[in-house]
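Just below is one structure, and these are the notes that go with it.
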Amino acid sequence: MGGNNLLVITNIFPNEDGSYYQGVFVKEQIKFLKDYFDNVYVISPWPYGYKMFLKNYSYENVYVYYPRFIHFPIGYFRRRLGENYYKAILKVIKRENLKFKIVHAHFTWPSGYATHILKRTHKIPFVVTTHGLHDTRMNFLLKNGAMEVWKSADAIINVSRKCVKLLMRVGIPEDKLYYIPNGVDTSLFYPQETALIRKELNIPIDKKILISVGNLVEKKGFEYLIRAMKIILHARDDVLLYIIGEGPLRKRLENITRELKLEEHVFLVGPKPHRDIPLWINAGDLFVLPSLVENFGVVNIEALACGKPVISTINGGSEEVITSEEYGLLCPPRDPECLAEKILMALNKEWDREKIRKYAEQFDWRNIARQIFKVYEDVLSNY
C-alpha cells in the first residue's frame, strides 16, 4: 500500500464541465472526502464508442481517468464486462504508477466486480457502495458475480436500510454492512427567493409550479406524473410542471403531453448542469419524484435542503427520507390518481419550510463524509 491516497472505481462520473452529470453523487461525495487524503484517483472505464467526449481531467487533489476497452453488449462479451473493467483499471494504475491504501467501488457491477479482482491481485482493502440494489435487480446481480464481490469486500456501504436487509437475506454478515445515506451539499442547495429565481428562469410568478428532475427513462415514472397533471388541471388550472432531464423516453413523453393537450402546462426542459438544479428546485412550490424504483433518491434531499416539500412514490428509497408528512407526502408508484391527489393536497397545505430545511441538515455531505471515512478507518485497522 502506498501513500495516503484513495482510489475510487465507479461506473459513472461527471466530466469536467458538468455537461455529462451522471454519477454526480459520487463527485459530490469526493468533494468532501478528498480533504482526508493526499490524493484521490477516480477511474471510470468506458467501452470504445460510448461517451467518447469524456476526457481525463484533474482538479485540486483529484485525478479523473476514463480508460477505454473493447466491449460488445452481447453474450460472451457481456459476461466478461467485469474482467474487461479490471484490465482497463489496471492499465491506468500501471501507466500512472498510482499508489493507494484503500479502494472504494461504487456499484456492485461492474465496478465492484473489477475491484474484487484488484483486491485479489494487489492485496488492497476495498469498500463497495451498493447503488441500484433492489429486489428487481437482485437476480441480475447474483448472475454477474455479486456474491463474490460482497463476500470479498471488507465493508459494504448501503444508502438505504432496505439494502442492508436485502444483503442479510442472501447471507452477507451484518458486521460488514453499513447504512450511510447519500448526501447533499448545503452550500449549493439552500432556500432562495422564489420570485427572483422564477424571473431569472422566465417562469410565471403567479402560477403553482411543480419541479421534477431525473433521466427520462422508464423507472423514473414521468409518464405517470404527466398523466397526473391531466387530473390536477380538472381541479385547478394554475399548475405548471417542469421536468429537468434528458433520456431515451423524451419523444414518448412529448407525445403523451400532446395527446393529453398539456403543452401549455407540461414542459420538458432538457438537461441542466448540476450547479443549476438548485435554481429550478427553488423556483417550485413542490418537488415531485414519481419513480417506480429508487435506491435512495438524492434529489429528495436536495429539494428538502431548499426547504421544498416532496411528493414522491413509495419506491424503495423515498420512504426512508420522507418519514413524516411534515416533509412531504407519499403514494404508490404507477398511480396517477393518487399522485394527483397528493399534489393537490400539498398545494393547499401550509408547510413549515424552515423545519423542512433543518431536517435535511442530517444529510449534509460533511456529516456523510465523516461516516464514510470512519468505515475506511475500521477497514484499515484490520490490515
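The values are calculated or read from the model by the stated rules, or taken from the named source; none is laboratory data. Just so it is clear, the structure is predicted and the values come from calculations on it, not from any experiment. Note that each Cβ is placed from the backbone with ideal geometry, even for glycine, and that neighbours are counted across all protein chains shown. When the accessible area is computed, the model is the full protein with side chains, heavy atoms only, and any ligands, DNA or RNA have been set aside. Shrake-Rupley method; radii C 1.70, N 1.55, O 1.52, S 1.80 Å.
Kindly evaluate Val62 against the criterion of being touching a Leu at 6+ places or on another chain (Cβ under 6 Å), β-branched (Val, Ile, Thr) and at pLDDT 95 or above. No; evaluated as a whole, the condition is false for this residue. The residue that is surrounded by the fewest Cβ atoms within 10 Å (Cβ to Cβ), among those in region 65-94 that are modelled with pLDDT of 95 or more and in a loop (DSSP other than H, G, I, E, B), is Pro67.
Among the residues of region 108-142, those that are of a type in the set (A, V, I, L, M, F, W, C), in contact with a strand residue (DSSP E or B) (Cβ under 9 Å, 6 or more places away or on another chain) and part of a helix (DSSP H, G or I) comprise Ala114, Leu118. A single entry from Asn97, Asn139 fulfils the requirement of being open to solvent by 60 Å² or more (accessible area, probe 1.4 Å), free of Cβ contacts under 8 Å to residues at least 24 places away in the same chain and closer than 23 Å to Leu33 by Cβ: Asn97. Among the residues making up region 155-208, a single one is aromatic (Phe, Trp, Tyr) and without any contact (Cβ under 8 Å) to a residue 60 or more places away in the chain: Tyr179. Checking each residue in region 121-179 for being touching a Phe, Trp or Tyr at 6+ places or on another chain (Cβ under 7 Å), within 17 Å of Ala369 (Cα to Cα) and of a type outside the set (A, V, I, L, M, F, W, C) picks out His131, Asn158, Ser160.
Return a yes/no flag: does region 205-220 have any residue that is over 16 Å from Ser312 (Cα atoms) and touching a strand residue (DSSP E or B) at 6+ places or on another chain (Cβ under 7 Å). Yes, there is a match, as at least one residue in region 205-220 is over 16 Å from Ser312 (Cα atoms) and touching a strand residue (DSSP E or B) at 6+ places or on another chain (Cβ under 7 Å).
Has region 255-267 got at least one residue that is surrounded by 15 or more Cβ atoms within 10 Å (Cβ to Cβ), in a helix (DSSP H, G or I) and among the acidic types (Asp, Glu)?
no
Evaluate the following for Val103: is it part of a helix (DSSP H, G or I) and modelled with pLDDT of 95 or more? So Val103 fails the test.
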